[in-house]
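The values are calculated or read from the model by the stated rules, or taken from the named source; none is laboratory data. As the structure is a prediction and not an experimental result, all values here were calculated from the model. Ideal geometry is used to build each Cβ from the backbone, glycine not excepted, and the neighbour counts take in all protein chains shown.
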């Protein structure tokens with residue numbers, strides 16, 4: 001069976017943010033495509049960030065998928081693990097409580113991304 005992968009950052013029982021790799025099963029449609037089940041969403045933001053930005057520890061304002069379109073960001077979970085997200089990467093920001101994570105630009109390009117809000 002085909003799958004699609006993304007990274008989720010979430011708040012653990014210890015109040016710290018942690019990463020996990022998630023695989024979504026995809027089903028064949030008969031027209032040379034495979035799809036995941038439909039997920040409800042509640043909103044969408046476009047975001048542009050200047051090169052060199054750094055956001056100190058912060059929780060996500062809501063559960064949301066962040067689709068990175070251009071530029072690269074390093075996300076540092078409050079448990080100390082760090083991951084790099086470049087163009088085409090998807091992260092589910094679900095650490096809405098606790099200490100949160102750090103976000104900082106990598107390189108000298110602006111970052112363009114989509115924030116897809118999930119129901120609470």
Quiz item: Any idea which of 78, 82 is closer than 20 Å to residue 12 by Cα, free of Cβ contacts under 8 Å to residues at least 24 places away in the same chain and out of contact with any helix residue (DSSP H, G or I) (no Cβ under 6 Å at 6 or more places or on another chain)?
Solution: 82
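Condition check ((1) loosely packed, with under 12 Cβ neighbours inside 10 Å; (2) within 15 Å of the chain's Cα centre (by Cα); (3) closer than 16 Å to residue 118 by Cβ; (4) touching a residue at least 40 places away in the same chain (Cβ under 8 Å)) across all residues:
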| site | (1), (2), (3), (4) |
| --- | --- |
| 6 | no, yes, yes, yes |
| 11 | no, yes, yes, yes |
| 34 | no, no, no, no |
| 51 | no, no, no, yes |
| 64 | no, yes, yes, yes |
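Results for (1) surrounded by fewer than 12 Cβ atoms within 10 Å (Cβ to Cβ); (2) assigned to a strand (DSSP E or B), shown as yes or no for each residue.
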residue	(1), (2)
31	yes, no
37	yes, no
48	yes, yes
55	no, yes
Practice problem: Report yes if residue 88 is at positive phi and crowded, with 18+ Cβ neighbours inside 10 Å, otherwise no. | Solution: no
Quiz item: Here are some conditions: (1) closer than 30 Å to residue 1 by Cβ; (2) surrounded by 12 or more Cβ atoms within 10 Å (Cβ to Cβ). Residue 23 meets all but one. Which one does it not meet?
Solution: (2)
Quiz item: Do the conditions hold for residue 60, that is, is it under 21 Å from residue 118 (Cβ atoms), touching a strand residue (DSSP E or B) at 6+ places or on another chain (Cβ under 6 Å), modelled with pLDDT of 95 or more and not in a strand (DSSP E or B)?
Solution: yes
Quiz item: If you go through the stretch 14-29 one residue at a time, how many are in contact (Cβ under 8 Å) with a residue 40 or more places away in the chain and either touching a helix residue (DSSP H, G or I) at 6+ places or on another chain (Cβ under 7 Å) or not in a loop (DSSP other than H, G, I, E, B) (or both)?
Solution: 4
Quiz item: Here are 75, 84: which of them is more than 20 Å from residue 117 (Cα to Cα) and either modelled with pLDDT of 95 or more or assigned to a strand (DSSP E or B) (or both)?
Solution: 84
